[in-house]
Amino acid sequence: MAPGNLVQSRPGLVPRSRPMCQYPARPQYVAGDPTAASSFVCNRRVTVDVKPGDSANGVNTRSNGRLAVAILSDLLFDAPAQVDVASLTFGRTGSEQSLAFCGSHGEDVNGDLRRDLVCHFDTRSTGLGTGDTEGLLQGRTVTGDTVAGADSVQVVR
C-alpha cells in the first residue's frame, strides 16, 4: 500500500508533498500552502450524461420539473457504490444545491452493462440560463475524494 503523502525533498529545494490518490484520481490544489499535501484534494473526473438518451440535452429553464443527470460507471469506478449522493451539486457553476434525489440501485443508461448512478436535479435551482452550454457536476466519493464532470446542455425557453 502506498503512503498517505508523497514527499519530494532534494538538497537546495523547498520540500513539497502531494496526497497519494487512488488511480485515476489526481491531486488538485484547493487553497493554502502549495508545497503542502493538505492544500490538495484527490479529484476524479467522471463522465456525466445530462438527460440520458437525449443527445440534444435540451433544458427548459422555466420548467418546475427535474433534470436527469447520470454519472457513468467504468471499469475502475462503480458510480452507485462509490458516490456520496448527499454531496452532489449540479448546475451552471457546479456548486448549485439542486439535488432532488438519486435512484437507489443504479441503471445502465449507456449500454455497457454497468450500473450508472442517475440523479434528478431541480431545473430552476441549477442556475442554468440563456447562453449556457455546459452543466457542471461536483461531489465526493464515499472515501472523501472529489468527483467532477460536465456535459453539454442546450438551454431552451
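The values are calculated or read from the model by the stated rules, or taken from the named source; none is laboratory data. Note that the structure is predicted; figures quoted are calculated from it, not measured. FYI the Cβ positions are ideal-geometry reconstructions off the backbone, even for glycines, and counts take in every protein chain you see.
Considering only residues in segment 133-146 that are touching a helix residue (DSSP H, G or I) at 6+ places or on another chain (Cβ under 9 Å) and either surrounded by fewer than 17 Cβ atoms within 10 Å (Cβ to Cβ) or at pLDDT 95 or above (or both), the one that is nearest to P52 (Cα to Cα) turns out to be G135. Only residues that are of a type outside the set (G, A, S), closer than 25 Å to E134 by Cβ and in contact with a helix residue (DSSP H, G or I) (Cβ under 9 Å, 6 or more places away or on another chain) were counted across segment 25-43, and they come to 3. In segment 113-134, the residues that are more than 16 Å from A56 (Cα to Cα) reach residues that are assigned to a helix (DSSP H, G or I) with C-beta atoms within less than 8 angstrom, at least six apart or across chains, in these pairs: R115/A79; R115/P80; D116/A79; D116/P80; L117/A79; L117/P80. Looking at this structure, is R18 surrounded by 11 or more Cβ atoms within 10 Å (Cβ to Cβ), more than 20 Å from the chain's Cα centre (by Cα) and assigned to a strand (DSSP E or B)? Yes: the conditions hold for R18. Of the residues examined, T126 is one that is outside the structural domain of R18 (by TED's automatic domain parsing) and either modelled with pLDDT of 95 or more or touching a Phe, Trp or Tyr at 6+ places or on another chain (Cβ under 7 Å) (or both).
Screening Q154 with (1) surrounded by fewer than 18 Cβ atoms within 10 Å (Cβ to Cβ); (2) under 13 Å from V50 (Cβ atoms); (3) out of contact with any Gly (no Cβ under 8 Å at 6 or more places or on another chain); (4) not β-branched (V, I, T) gives one miss only, at (3). At least 1 residues being assigned by TED's automatic domain parsing to the domain that holds D151 and closer than 13 Å to L137 by Cβ is the threshold, and among the strands (runs of 3 or more DSSP E) wholly inside segment 43-91 those reaching it are 48-50, 66-71, 83-91. Just a yes or no: is a residue in segment 43-58 basic (K, R), buried (at least 17 other Cβ atoms within 10 Å of the Cβ) and more than 18 Å from T126 (Cβ to Cβ)? Yes, the conditions are met somewhere in segment 43-58.
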